[in-house]
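A.B. asks: Structure below; questions to follow.
The values are calculated or read from the model by the stated rules, or taken from the named source; none is laboratory data. In this text the structure is predicted, and so the values were computed from the model without any measurement. No Cβ is skipped: glycine too gets one built from the backbone with ideal geometry, and neighbour counts run over all protein chains shown.
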Amino acid sequence: MTQFDCNLRESGAPLAHVWSHTIGSGRASLALRADWQAQMRRTHKELGCRHVRFHAILSDEMGTMLVEQGKRLYGFFNIDQVYDFLIGIGMRPFVELSFMPDALASGDKTVFSYHGNITPPKDHGQWAELIHSLVLHWVQRYGVDEVRHWFFEVWNEPNLSAFWTGGQNDYFELYRTTAKAIKSVDARLQVGGPATASNGWIEDFVDFCEHEDLPADFISTHHYPTDALGRPGDDTEKQLALAPRGILRTNARRTVEAARGKPVYYTEWSSSSNPFFQRHDEPYAAAFIVKNFLDVADLVKGYSYWTFSDIFAENYFSSMPFHGGFGLLSINGIAKPSYRACQLLGRIGHERLVVTGQHETVDAWVVRDHADVAVLLVNRVFPGVPIKRETISVRLHGVAQPARAWLERIDEDHCNPRRLWEDLGRTPYPDPAEIEALHAASELRREVIAVQSTNDGVIFHLDVPPDGIACITLKFAP
C-alpha cells in the first residue's frame, strides 16, 4: 500500500486556477446557436470559465468583410451578437484573429468543412484597416476599459501548412501589421502570438518582436500529447502510447523559458488532437485533465482546454450523443467525466501544500481553502502502459478530526454516462427519459469516507481504479 503524507501545519504555495481563465470552442458562427449559448452559460456558471476562444471571426460566414459591386463592406453585427451574449453572462472573448476574408485573400486554399481561408492577405494595408476598424468598433461599443481585459491573438497555428500557406516571415509580417493596427486604437490593448502548434516558433517570435521593437503582451501556443492536427481514423492509441509521462509539463516549462518573462497562455490543449476519439468521452480524459492542469498551474497564466462542447464541426457535425468529440459536454448537454473533473478543480482552494510519497501511476495533491482541505488522487497512464487498481493511504499531520468529510469519484463506475448510453444500445437519438437517465449517470455524488485519528493528525485509506479520480473533502473547525 502506498502512503502519501502532508503536514497541514506548514504553509503552502499559491495555486492559480489556470483551467478557468479560458475555454475553447469550435468557430464563431456556432456561438450564434441557442444550444451553444445555453451550454456556454452553464459552463461559465459551474466551471467559472472567464474567457472563450474560437476560430473564424473573420471568415466569410460571419460577414465581417466582403466586397459587393467592387466596394469593401464591413459587417460586425454577427460577431457583436456573440460578444454581447458573452459580456452579458460575465465572460469575455479571447479573440483569435482568423481566418482570411475571401475579399482580402491572396489565394483560395481553405481548412475544415466551413472553408476557412488560410492564405496571407494580398494587401497588408487593407488588412490593417479591417483590424483597426473592428477593434475600434469594439472599443466604442463596449468601452476601452472593458476591451483592455480582452486578449487579441494573431491567427491560429501558422507553423502548420494546414492553417497558413505562408512561411514564418509571412506570419511575422502579419503579426507586425496586426499588432500596430490594434495598438493604434489603444496602446494598452493586449496583443500576442504566435498561436503555434506544438510549442513552435516561441524563441524566434520573441527575438523578432524584440529586434523590431514590436509589442508582444503575451505568448500563446498549443500542444497535445499526439500529433498537432488529428484526423478521424488516426491511430491515436499508438500515438499516445509513445508519449512520455509528464510530456505536457516538460514542454510547458521549455515554452516558459523561451518566452523570456512574457506571460504564457496555452490557447489549445487536450488529451488528444483527434476530433473523434472515444477516450474523450471516458474517465481517461478526466484523469488526464486533472493531472495536467495541476502539473502546469505554477508555469502558465492560462491553459485553455479544447473544447467546452461537442457542438462543434470541423470535419462534420456529428449528431451521435457520444462520438469521441473534444467537448466537456455532449451535444445534448450531458456532462462527460472531463466536465466533472473541471467541476472538482473549480471547487478546490488556492493553497497547494507539499505532499510526500510517490507511486508509478498515482499522483496526489492536497489543496487548502481556509479551514477546508481537498485531497485529489489520480491513477492514470497513457494507453498501453500497465495500470491496476491501487490502495492508497493519505496521512494528514497537524490536524484534529474533521467536522465533516466526504468522497467524490470519477471512474468507470462514477460520472460515466457513456457507459449507460452503450448499455441503452448506443441510440443515436435518446428520448427524454433516456436523456434524463444520462444526466443522472453523469452527476457527482458524495460518499462517506472513514477518517481515523492518529497521534498527530488523521489518516484514511481508499482504492483508486485505473483512470480514476478520487476527491476527498475535509472540513475542519476554523
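A.B. asks: In the stretch 151-176, what residues are under 24 Å from R92 (Cα atoms) and surrounded by fewer than 22 Cβ atoms within 10 Å (Cβ to Cβ)?
C.D. replies: none
A.B. asks: Does Q39 count as of a type in the set (S, T, N, Q) and over 17 Å from the mean Cα position of the chain (by Cα)?
C.D. replies: Working: of a type in the set (S, T, N, Q): yes; over 17 Å from the mean Cα position of the chain (by Cα): no.
When the stated conditions are applied, Q39 does not pass them.
A.B. asks: Still on this model: Give the number of residues within the stretch 114-123 that are in a loop (DSSP other than H, G, I, E, B) and touching a residue at least 60 places away in the same chain (Cβ under 8 Å).
C.D. replies: 1
A.B. asks: Filter the stretch 313-347 for residues that are in contact with a Leu (Cβ under 7 Å, 6 or more places away or on another chain) and within 27 Å of I219 (Cβ to Cβ); which is surrounded by the most Cβ atoms within 10 Å (Cβ to Cβ)?
C.D. replies: Checked the stretch 313-347; the qualifying residue surrounded by the most Cβ atoms within 10 Å (Cβ to Cβ) is S338.
A.B. asks: Now for a different question. Which residue out of A433, A405, A374, A400 is touching a residue at least 12 places away in the same chain (Cβ under 8 Å), farther than 15 Å from D467 by Cα, outside the structural domain of C342 (by TED's automatic domain parsing) and surrounded by fewer than 13 Cβ atoms within 10 Å (Cβ to Cβ)?
C.D. replies: Working: A433 fails: touching a residue at least 12 places away in the same chain (Cβ under 8 Å); A405 fails: surrounded by fewer than 13 Cβ atoms within 10 Å (Cβ to Cβ); A374 fails: surrounded by fewer than 13 Cβ atoms within 10 Å (Cβ to Cβ).
Result of the check over A433, A405, A374, A400: A400.
A.B. asks: In this structure, does V354 turn out to be buried (at least 17 other Cβ atoms within 10 Å of the Cβ) and in contact (Cβ under 8 Å) with a residue 12 or more places away in the chain? Write out each step before concluding.
C.D. replies: Numbers: buried (at least 17 other Cβ atoms within 10 Å of the Cβ): no; in contact (Cβ under 8 Å) with a residue 12 or more places away in the chain: yes.
Answer is no for this residue.
A.B. asks: To continue, here is another question. Can you find even one residue in the stretch 410-420 that is assigned to a helix (DSSP H, G or I) and either aliphatic (A, V, I, L, M) or touching a Ser or Thr at 6+ places or on another chain (Cβ under 6 Å) (or both)? Spell out the reasoning first.
C.D. replies: Of the residues in the stretch 410-420, the ones assigned to a helix (DSSP H, G or I) are 417-420.
Okay, now just the ones that are also either aliphatic (A, V, I, L, M) or touching a Ser or Thr at 6+ places or on another chain (Cβ under 6 Å) (or both), so 417, 420.
Within the stretch 410-420, one or more residues are assigned to a helix (DSSP H, G or I) and either aliphatic (A, V, I, L, M) or touching a Ser or Thr at 6+ places or on another chain (Cβ under 6 Å) (or both).
A.B. asks: When the stretch 279-335 is examined, which residues are found to be closer than 23 Å to L420 by Cβ, outside any loop (DSSP other than H, G, I, E, B) and in contact with a Lys or Arg (Cβ under 8 Å, 6 or more places away or on another chain)?
C.D. replies: H280, D281, Y284, A285, A286, A287, F288, L329
A.B. asks: Here is a further query. At pLDDT 95 or above, out of contact with any strand residue (DSSP E or B) (no Cβ under 7 Å at 6 or more places or on another chain), in a helix (DSSP H, G or I) and more than 21 Å from W127 (Cα to Cα): is that true of E210 in this structure?
C.D. replies: yes
A.B. asks: Counting just the residues of the stretch 225-261 that are in a loop (DSSP other than H, G, I, E, B) and modelled with pLDDT of 95 or more, which one comes out farthest from N159 (Cα to Cα)?
C.D. replies: So the residue we want is G261.
So that you can scan it fast, the table gives a plain yes or no per residue for (1) in the same structural domain as Y142 (by TED's automatic domain parsing); (2) of a type in the set (A, V, I, L, M); (3) within 27 Å of L294 (Cα to Cα):
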residue	(1), (2), (3)
L174	yes, yes, no
R188	yes, no, no
P194	yes, no, yes
F205	yes, no, no
S220	yes, no, yes
R249	yes, no, yes
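A.B. asks: Within the stretch 403-425, track down each residue that is in contact with a Pro (Cβ under 7 Å, 6 or more places away or on another chain) and closer than 23 Å to R389 by Cα.
C.D. replies: Within the stretch 403-425, I410, D411, E412, C415, N416 meet the criteria.
A.B. asks: Show the residue pairs meeting these rules: Cβ distance below 6 Å; 6+ apart or different chains; first residue within the stretch 267-278 and of a type outside the set (D, E); second residue in a strand (DSSP E or B).
C.D. replies: Note: pairs meeting the criteria are T267/R53; T267/S220; T267/S304; W269/H223.
A.B. asks: Okay, next question. State the number of residues belonging to the stretch 51-93 that are surrounded by fewer than 23 Cβ atoms within 10 Å (Cβ to Cβ), in contact with a Phe, Trp or Tyr (Cβ under 9 Å, 6 or more places away or on another chain) and basic (K, R).
C.D. replies: Matching residues across the stretch 51-93 total 1.
A.B. asks: Let me ask something else about it. When residues of the stretch 1-50 are filtered for being in contact with a helix residue (DSSP H, G or I) (Cβ under 7 Å, 6 or more places away or on another chain) and assigned to a helix (DSSP H, G or I), how many remain?
C.D. replies: 12
A.B. asks: Here is a further query. Which of (1) more than 20 Å from the chain's Cα centre (by Cα); (2) modelled with pLDDT of 95 or more does V191 not meet, given it meets every other one?
C.D. replies: All conditions are met except number (1).
A.B. asks: How about the stretch 124-201: which helices (runs of 4 or more DSSP H) wholly inside it have at least 1 residues that are within 22 Å of K301 (Cα to Cα)?
C.D. replies: Filter on the stretch 124-201 gives 144-147, 168-183.
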